[in-house]
Amino acid sequence: MGIQSRVEHFTSTSLFHLQYRCIQQLVPCVWDTGQTPMAAILWWQCTNLWLDGLESSSLAAHCQMLASLEAQLLGFEKSIPPYATASPEESVLGVNYASGSAGIRDETGQHMGGRISLNQQIAQHATTILQLADLFGNGNLKKVRKHLNKCIYTVAMGNNDFINNYFSPEHYQTSSLYTPEEYAELLVQQYSKQLSILYKYGARKFGIPGSSYSGCAPEMMTRYNTNVCVDAINGAVVQFNAKLVAALGELESKLTGAKFIYMNPSLGYSTDFNVTDKPCCTASTTIGAGQCAPNQVPCDSRQNYVFWDAFHPTESISLVDGAATYEALSPFYADETKGALPMMEAAFVNDN
């Protein structure tokens, strides 16, 4: 199956243009599922939550920013509520199931504490569907599935299965059991089954970001005692993404009516973001390693930083990525689609 590649150059002007043109709601709902940073999202999308210019080191903040911007651009007036607080009435427009440290594999991130794996997020979505069936009348699942057929599902997974599993050998055995290629194949096989379950529940429109190059995260460079991107990690990510693209093509040909849009991870940003190897805040080296240490003053020029803490991007990067995601998903709401499995870079193209 052919894959169309699209690359977009975003500027501040285009961001405002994108906001301006969304005068009305373009899709009935959006679901979001996965991880953060834009990496663990089962997201049924319909939101516009702003952080009022405040940065946060929490995993949820980046996910909320991306989900919020995309939903705002799609014309939704309210934020997508998290599963924990969403009422059946609110769930008609979408639910955010995202969970920090979550992964495709159930054990991923367990050393970080409580998290909700993709399997658990899908189970939560099943509960939401039953609630919607009652809301639509007499437990009518047919009406719910018809509604979900029109919704956008953003599912972003993979990062944590590498940085909080395979490349954390002090906590997990996967790197001793599998080569990077074998592990990538294992992940994609499980991921395909999980996406197929969502299809069975009624999902038809899928936005699937590739796993980002987490070997360039400051925390991973610190772990490997280097000041450049860790090739071992990024190489494993490349194998995962290549296998994922192939798997999505197979799913699209097999699942009647399903449409998958794959979004390439960014290979770089505008040179305005010239601090790429260190976080804006002082990262903790103990509890919550890599996240912002408490009671520390952050950097002055945060607009120049790619990373807020040692894992997660700044608000500026989130805005860029959110706008790019909106453009990547345009075949779901545009009058005409442009081929199977469109691809695009999920951020600025490096000027260098």
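Taken together, the values in this text are just the output of simple stated rules run on the coordinates, not laboratory data. From a predicted model like this one, the values you see are computed outputs, not experimental measurements. Glycine gets a Cβ as well: all are built from the backbone with ideal geometry, and neighbour counts include every protein chain shown.
Numbers below:
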| item | result |
| --- | --- |
| Cα coordinate range in the range 203-291, projected on the principal axes (Å, largest first) | 49, 27, 26 |
| Label-point gap, in nm, between residue 253 and residue 138 - each point 7 angstrom along Cα→Cβ | 4.3 nm |
| Alpha carbon Rg of the range 82-169, scaled by the compact-globule rule 2.2 N^0.38 Å | 1.26 |
| Of 205/278; 143/200; 150/193; 205/254; 200/259, those spanning more than 25 Å from alpha-carbon to alpha-carbon | 205/278 |
| Per-peptide average of other Cβ atoms within 10 Å, ordering 156-165, 122-131 highest first | 156-165, 122-131 |
| Interchain or long-range residues, amide H under 5 Å from residue 263's placed H | 208, 210 |
| Gyration tensor (Cα) of the range 127-234, equivalent ellipsoid semi-axes in angstrom | 38, 14, 12 |
| Peptides ranked, highest mean first, by Cβ atoms within 10 Å: ranges 85-91, 260-266, 203-209 | 203-209, 260-266, 85-91 |
| Rg(Cα)/(2.2 N^0.38 Å) for the range 175-229, N = residue count | 1.58 |
